[in-house]
Amino acid sequence: MNILITGGSSGLGKAIVEALSLNEDHHVYFTYNHHSEEAETLISGNVTAIKCNFTNTDEVNHLIELIPTFDLDVLVNNVYVGAPQGKHFHKTDSNEFLKSFEENILPTISISQAAINVFRKKKFGKIINVLTAYLINLPPIGFAIYTSNKGYLLQLSKTWNSEYRKFNITSNCISPDFMLTNVTKSVDERIIEQMQEEHPLKKILTPAEVAESVLFLIHASQQLNGTNMVINASKNIV
């Protein structure tokens, strides 16, 4: 399979790239921005890195131009620009919501459209969207912008189910609990300690554990479509 992962040089994206690269039948494409050294270590015969800053329109457009040449089978929408934790909702300027939408959702829409155009011609394709378990349970304080973006992507995924299932295109989501990654490193240590204490396993979820679920969806039958896999040790049952 030919697989594109956005944001594949660190955290969950890196764990997915590493797991997929073990299968030589896969060709893995991934985007990176700041972590050029980490990206370099992942490149191999079946792994290709593409520089793509989601806040740079030219770089996003360059990626979109490349997508038809990848002969894609799978798109993993993983990247998130910015820190997930911000201010209380009433202290957050509305322009911050707009800025985050422009940096996260709009590039994801354009990239997904390019991938879907390839999938429609092939009559096959898989989209996997990385969301958050905070869409199911109560998010920590300050996560209004982050969860709003993820909620928008969840609704987009349902639209893709409705419009493209007849083309043998699936769109599934995973909603992992909090993970320690570069994206979440700015979260207050006291909040992390509280999360660990309240966790049923007393253990924070790891990117490698979540990557296993992504691989499951990549290799699953096309009958599996429209799901949202919540990965949070049964703290919430959907």
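Scanning the range 117-141 for residues that are surrounded by fewer than 22 Cβ atoms within 10 Å (Cβ to Cβ), under 20 Å from the mean Cα position of the chain (by Cα) and closer than 22 Å to Pro107 by Cα turns up Asn117, Val118, Leu135. For beta carbons closer than 8 Å, sequence separation of 6+ or different chains, a first residue in the range 190-209 that is basic (Lys, Arg) and a second that is part of a helix (DSSP H, G or I), the qualifying pairs are Lys202/Gln196; Lys203/Gln196.
Taken over the range 130-147, the criterion of being within 12 Å of Met195 (Cβ to Cβ) and among the β-branched types (Val, Ile, Thr) is satisfied by no residue. Within the range 55-72, none of the residues are touching a strand residue (DSSP E or B) at 6+ places or on another chain (Cβ under 8 Å), within 19 Å of Glu18 (Cα to Cα) and in a strand (DSSP E or B).
Any residue that is in a helix (DSSP H, G or I), in contact with a Pro (Cβ under 8 Å, 6 or more places away or on another chain) and either farther than 17 Å from Asn228 by Cβ or modelled with pLDDT of 95 or more (or both) - is there at least one of those in the range 157-173? No; the residues of the range 157-173 include none that is in a helix (DSSP H, G or I), in contact with a Pro (Cβ under 8 Å, 6 or more places away or on another chain) and either farther than 17 Å from Asn228 by Cβ or modelled with pLDDT of 95 or more (or both).
Here is a yes/no grid of residues against (1) at pLDDT 95 or above; (2) surrounded by 19 or more Cβ atoms within 10 Å (Cβ to Cβ):
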residue: Ile16; (1), (2): yes, yes
residue: Glu24; (1), (2): no, no
residue: Tyr29; (1), (2): yes, yes
residue: Glu38; (1), (2): no, no
residue: Thr41; (1), (2): no, no
residue: Lys51; (1), (2): yes, no
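Every listed requirement among (1) surrounded by 16 or more Cβ atoms within 10 Å (Cβ to Cβ); (2) modelled with pLDDT under 95 is met by Glu198 save one, (1). Selection within the range 1-39: residues that are in contact (Cβ under 8 Å) with a residue 60 or more places away in the chain and part of a strand (DSSP E or B). The member of this set that is farthest from Leu106 (Cα to Cα) is Asn2.
Quick one: what pairs do we get from the range 40-69, first residue aromatic (Phe, Trp, Tyr), second assigned to a helix (DSSP H, G or I), C-beta under 7 Å, 6+ apart or different chains? What qualifies is Phe54/Val60; Phe54/Glu103; Phe54/Asn104; Phe54/Pro107. Each residue in the range 128-156 was checked for being of a type outside the set (S, T, N, Q) and assigned to a helix (DSSP H, G or I), and 12 pass.
The values are calculated or read from the model by the stated rules, or taken from the named source; none is laboratory data. Small disclaimer: the values here were computed from a predicted structure and weren't measured. Backbone-built Cβ (ideal geometry, glycine too); neighbour counts: all protein chains shown.
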